[in-house]
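Quick note: the coordinates plus some simple rules give every number you see, no bench work behind them. Everything numeric in this text was worked out from a predicted model, so none of it was measured. Please note: Cβ atoms are built from the backbone with ideal geometry, for glycine as well, and neighbour counts cover all protein chains shown.
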Amino acid sequence: MTVCRTRYSPTLRRARTLFSLLAAGAALCTVSVTVAAAPPAIALLDCVVLDDNAAYNDPSVTQSQQARATMASAQLRTLVDQRGLYKVADNRPAATLIDQFKSTQDLSACNGCELQVARRLGTQRVGVCWVQKISNLILNINLRIEDTASGQVVFQRSVDIRGNTDRSWQRGVDALVGLLASEPDTAH
């Protein structure tokens, strides 16, 4: 009985070797992308409205601004999570703690209470958002992100908006998230 052996040409052997190396490289890239793609967790506190003219506001103005702050908070959480910048935590497990702090102080300037909330939720970062209303024409939306362990500020930006409307607030939040996305080192 005769055994027939197939001999591959040197070109075919090189092609098979190259293909094997490419397949192994692709597998390694997939693994490294999967590991790097896991964003850190963040607790994003509700946006606070700081209105320089609050004492002169009609109650309906205060109510509409609070509704916009709630809308902006939800939009901020959604966009940050959808863009994979952070894994946004559910704040409900710390609701009692948050309510205690809100009853006595402004959460945008509470000297570390935000870090206590983040620790309670087990997140690596905490985000504090506030909207400063100078007038119905001039407002700015601010975001500060801190490292939970050290308290160090890793990101802080402000976006000026013109007009006190739902659409202007939405555009402001979009722009703020765009700034956050443009600084990839912020999440690490």
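Tabulated values for the structure
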| read-out | value |
| --- | --- |
| Order of Tyr56, Tyr86 under a 10 Å beta carbon neighbour criterion, fewest first | Tyr56, Tyr86 |
| Between segment 103-133 and segment 67-97, the alpha-carbon center distance in angstrom | 12 |
| Calculated FRET efficiency for the pair Asp174/Ala54, C-beta based, R₀ 35 Å, to 0.05 | 0.85 |
| Length released on extending from Gln63 to Gln82, taking residue separation times 0.36 nm less the Cα-Cα span | 4.0 nm |
| Counted charge near Thr165, where neighbours are those whose Cβ lies closer than 12 Å (Asp, Glu -1; Lys, Arg +1) | +3 |
| Sorted by Cβ neighbour density within 10 Å, fewest at the top, the residues Ser182, Ser108 | Ser182, Ser108 |
| Ser135 versus Arg167: modelled label distance in nm, points set 7 Å from Cα along the beta carbon direction | 2.1 |
| Anisotropy class of segment 41-187 from Cα gyration tensor, a/c 1.5 cut | oblate |
| Charge dipole magnitude, Cβ of K and R +1, D and E -1 - segment 41-187, Cα centre, debye nearest 20 | 240 |
| Sites Lys102 and Ser158, calculated FRET efficiency, Cβ-Cβ separation with R0 22 Å, nearest 0.05 | 0.50 |
